[in-house]
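Inspection log for the structure reproduced underneath, given as structure tokens.
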């Protein structure tokens with residue numbers, strides 16, 4: 001996603017010569033009407049008052065089995081050259097020749113740790129986020145809170161020199177603004193879907209991201225897909241359709257919100273090539289994501305107040321018979337995990353190829369779907385499981401098909 005992470009391309013650069021561009025995207029999740037509530041965590045010391053609506057807690061463990069996944073996005077479009085600046089994702093080869101054996105082992109362990117954290121943060125984000133949205137049906141406000149926490153985190157890192165403060169020009173901001181807009185819309189639509197349907201169903205629908213990536217690239221960039229890429233889209237569309245027909249929590253609002261999230265997330269790749277500006281310095285992946293997070297907060301905050309009002313105060317939550325401490329705690333944890341998993345996603349992208357990152361996204365979606373089904377005890381029929389499996393298998397095939405280059409035409 002939700003993939004989304006983000007699915008915009010994470011860095012801007014202006015080389016003297018045409019440069020190759022690789023973009024990446026992201027995406028997010030949900031829970032059904034038949035989810036069974038769990039008892040509250042005693043550590044929160046929440047009074048047991050029957051008149052309050054309470055959120056089910058999470059049992060945190062120190063181990064995670066990363067055999068399934070969360071938000072997914074297809075691999076970046078084909079490289080292209082241009083003399084202008086582009087927002088893009090940079091990556092490095094998975095192995096560099098001539099590395100000492102000890103350093104290679106350390107790099108492998110670090111990469112494995114990053115993948116584990118990526119999956120873990122994504123799991124906890126989706127579960128805590130769903131818990132909040134189940135009792136607090138204000139997705140715009142929830143999204144603003146997530147951007148606000150990310151903004152505070154970024155400013156903290158810059159103020160204490162934990163990460164280099166960038167020098168931003170007005171031209172750079174103009175180039176980043178369209179990406180911030182679609183970033184806002186992508187995350188907002190994902191939260192709207194999570195509030196309406198099951199986490200597993202939202203992520204199954206978001207497996208359609210490769211279809212939107214191919215369609216938008218063909219329409220606006222003239223990048224025609226190979227026969228292998230087109231073939232891999234068929235099981236994705238068929239699997240999503242099969243899962244949708246048998247989904248217990250299905251409703252149209254949740255379905256179209258997830259589809260709109262796919263469209264906006266994948267449009268970031270088109271915008272990263274269409275909106276360009278001259279500049280002096282390049283921005284690395286994490287810096288670009290940090291700037292987009294801050295811009296997203298200032299873009300969405302006024303709209304949230306206009307659309308939903310100020311409904312996150314203790315007085316309002318108490319009047320709605322909600323447990324203030326639990327809503328605040330889980331909202332904070334979800335926001336921190338939201339920012340952390342996307343930061344880690346870019347750290348991984350700097351160490352591996354875009355195709356490997358895309359495969360990791362596919363596995364992450366499986367992890368999130370399985371973990372949400374187990375935690376919320378989501379009823380899943382055999383046909384629904386089959387549809388989800390087919391769709392995810394199609395996403396994996398898509399990531400592999402993108403590596404197959406068409407043969408150059410001979411005169």
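FYI, it's all coordinate maths here, none of it is from the lab. No experiment lies behind these values; they were computed from the predicted model shown. FYI the Cβ positions are ideal-geometry reconstructions off the backbone, even for glycines, and counts take in every protein chain you see.
The alpha carbon gyration tensor of the stretch 157-277 gives principal lengths a ≥ b ≥ c with a/c of 1.5 or higher and a/b no greater than b/c, which makes the shape oblate. Label-to-label distance, residue 251 versus residue 404, with points set 7 angstrom from Cα along the beta-carbon direction: 4.2 nm.
Sorting the segments 334-343, 381-390, 154-163 by their residues' average number of neighbouring beta-carbon atoms within 10 angstrom, most packed first, yields 334-343, 381-390, 154-163.
Judged by the gyration tensor of its Cα atoms, with axes a ≥ b ≥ c, the stretch 332-379 is oblate; a/c meets the 1.5 cut and b/c is at least as large as a/b. When peptides 251-262, 215-226, 110-121 are sorted by average Cβ neighbour count within 10 Å, with the highest value leading, the order is 251-262, 110-121, 215-226.
Summary of packing: across the peptides 321-329, 391-399, the per-residue average of other C-beta atoms within 10 Å ranks them, highest first, as 391-399, 321-329. With the simple spin-label model, which puts each label point 7 Å out from Cα in the Cβ direction, the residue 101 to residue 163 separation comes to 3.7 nm.
One decimal place: the segment residue 109-residue 305 gains 66.1 nm when fully extended, by the rule 0.36 nm per residue minus the C-alpha distance.
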